[in-house]
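Each reported figure results from applying straightforward, stated rules to the coordinates on display, with no laboratory input. This structure is a prediction, so every number in the text was calculated from the model and none was measured. Cβ coordinates were reconstructed from backbone atoms using ideal geometry, including for glycine residues, and neighbour counts include every protein chain displayed.
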């Protein structure tokens, strides 16, 4: 909105040149009418216009709740108007200088304002959602009812002759009748819908023994809604003059809760099943892949041994590449097999001195340690013998071999790896052992920490560091299946630390 | 504002069902204070005067009492009389709960120094509402320290 048509033309030309569609009007009143359509992303208003000035336009627009962001254009030395415009709800202002430099500012102002606008809208939406969910939550609280009821039972304990003396609204007994005086009793026959075995037995037990029974689960069919309602009840004796003449109960309707619990149970069963299927699949696939792979390796070897002379240099290069890929594939299949084999069911538990699997892992890595030019130090906090834990020995060797192997592999160029392994009792948790593997390697960015243990995740390019992307995933699985935890800390170029916490004793039924 | 310790609530009610109901509804009304329950008037007195099974244990302060009128051994009125006659317990606020509509009974309790008198309505929904209101009341009331 700009009354000076020359300025308006300059303005639109500049914006059209960089790809915006522009529409101009000569005064505020006309502009406001356009506003209603809501088809503009951003509106510029001149401060001084005939009929209706810019400030007035902003005032009306924000009073009517128009969401489109507005930017004020003012003359030089008119900052006060600009401030007022901002107070009224303008997003920004631009001062029109005489030589038209302000036109250069337009693109960045537009970008900024639109960005701001998007953020505000998002916030608004988020708030809206929050409010909705709060209302839903409040709805749940308010619809959870406790029902109270009193039942008189005859001395013989005949439940079919029990009489409902009082009960709260909503339990199916007409309210005016349930409100009868407790002392007199309304002599209403026991409601037939309520013949739920659990509750009946609990009531009779309370009646006979005088003890309180909690958490009695029962269900009934609500005929009006044709739906099953579930209850959890607390049952107390009902006494008069010291003698137990019936029972009283507090029943909470738990239909929603039960439904939610049921859903969770079904989901977790399904998840367990599909996980088992997946593991089985991975096992079978990798197992069956080994056979053809072995053949490929064998024949590659035969060709390179016996026909090397027949091949020219290009042929030999191709063959070398095939061999290399095959070796990589064999490693992958091996790791995949390992990964799918680790699980509670396949564990072979025994008491092991943690020093042993560590020593065994180091001896397996001997060549690599020597090649890297680095060293591995195993440290003990005290002179006590290393802690003994209940675990699968082979899986422990694999765990330490992978962790130390990783520490050796991811060293910085030119810096020989130094790996420190410490084993001690966990100071924070009784009955747990803490193992730390620290290195001085390339480390990693903390923001990737959640991905580091996932199968096939690689933080570093394959071309630089060989590997299958399964090493840490296997470690994670081994630790989890032993009921422990593993964590990683690191900083780029400052090394990484892996902390493994394992229980000294395995639970009777380990996690699947 | 002076540092105030949370008020402990002593609930003297012989009917376990009612006692649980009151507790549950107080919790529903967002009362998170400790609630101690005793099942007859004598136990309430023992508790207040550190005798019998409560010998040697000083009752928590500040304290507020929800007292049922009809209780075995010692009834609510007797408990009230004993409390108001002793300097140690005279100032503890007492809310009487009863099913009685007898106005003379109500008057008598006020004469004895009960602070509030609440008729337990026979119908559960109104009772719930009444307990919720007690809860609301407890949450704003200022209770004096003992001594």
#### Entry: Ranking of B:61, A:340 by count of other Cβ atoms within 10 Å, fewest first
B:61, A:340
### Query
Considering the zone a paramagnetic label at residue A:48 would reach in this model (a point 7 Å from Cα along the Cα-to-Cβ line), which residues of segment A:75-97 have amide N under 20 Å from it?
A:75-86, A:93-97
### Message
Under the rule a/c < 1.5 gives rounded, and otherwise a/b versus b/c splits prolate from oblate, where does segment A:261-341 land using the Cα gyration tensor?
### Response
prolate
### Task
Take peptide A:249-261, look around each residue's Cβ out to 10 angstrom, count Cβ atoms belonging to other protein chains, and average those counts.
1
### Spin-label pair residue A:112/residue A:156, simplified geometry with 7 Å Cα→Cβ offset, distance in nm
9.1
### Query
Counting only other chains, what is the mean number of Cβ atoms within 10 angstrom of the Cβ of each residue in peptide B:18-24?
3
### Message
I need the semi-axes of the equivalent ellipsoid of segment A:5-139: take the C-alpha gyration tensor, multiply each eigenvalue by 5, square-root it, list largest first in whole angstrom.
### Response
30, 16, 14
### Summary
In this structure, the FRET efficiency calculated for residue A:310 and residue A:458 from their beta-carbon separation, with R0 = 35 Å, to the nearest 0.05, is 0.35
### Query
Spin-label point model (7 Å from Cα, Cβ direction): what's the residue A:261 to residue A:284 distance in nm?
3.7
### Query
For the pair residue A:334 and residue A:422, what calculated FRET efficiency results from E = 1/(1 + (r/R0)^6), where r is the Cβ-Cβ distance and R0 = 35 Å, to the nearest 0.05?
0.75
### Task
With a/c under 1.5 counting as rounded, go ahead and sort segment A:341-448 into rounded, prolate or oblate using the C-alpha gyration tensor (a ≥ b ≥ c being the square roots of the eigenvalues; past the cut-off, prolate if a/b is larger than b/c, else oblate).
prolate
### Nitroxide proxy distance, nm - points 7 Å out along Cα→Cβ at residue A:240 and residue B:50
4.3
## Note on the structure
Checked chain B against the a/c 1.5 cut and the a/b vs b/c comparison, axes a ≥ b ≥ c from its Cα gyration tensor; verdict rounded
### Task
Express in % the proportion of alpha carbon pairs of segment A:55-116 at distances exceeding 18 Å.
37
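Convert 37 °C to kelvin, take the viscosity as 0.692 mPa s, use the Kirkwood radius over C-alpha pairs of chain A as Rh, and evaluate the Stokes-Einstein diffusion coefficient in µm²/s, rounded to a whole number.
102
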### Task
Quick one: order A:435, B:140 by neighbouring beta-carbon count within 10 Å, fewest to most.
B:140, A:435
#### Entry: Residues A:494, A:56, B:16, sorted so that the one with the fewest Cβ neighbours within 10 Å comes first
A:494, A:56, B:16
### Message
For a Förster distance of 22 Å, can you work out the FRET efficiency between the beta-carbons of residue A:499 and residue A:366, rounded to the nearest 0.05?
### Response
0.30
### Query
Could you work out the helix-only [θ] at 222 nm for chain A, with each DSSP H run of four or more residues adding -39,500 (n - 2.57) and the total divided by the number of residues, to the nearest 500 deg cm²/dmol?
-15000 deg cm²/dmol
### Query
How big is the gap, in Å, between the Cα center of segment A:277-338 and the Cα center of segment A:434-449?
32
### Query
Among bridges DSSP assigns within the protein assembly as shown, what percent are antiparallel (round to 5)?
65
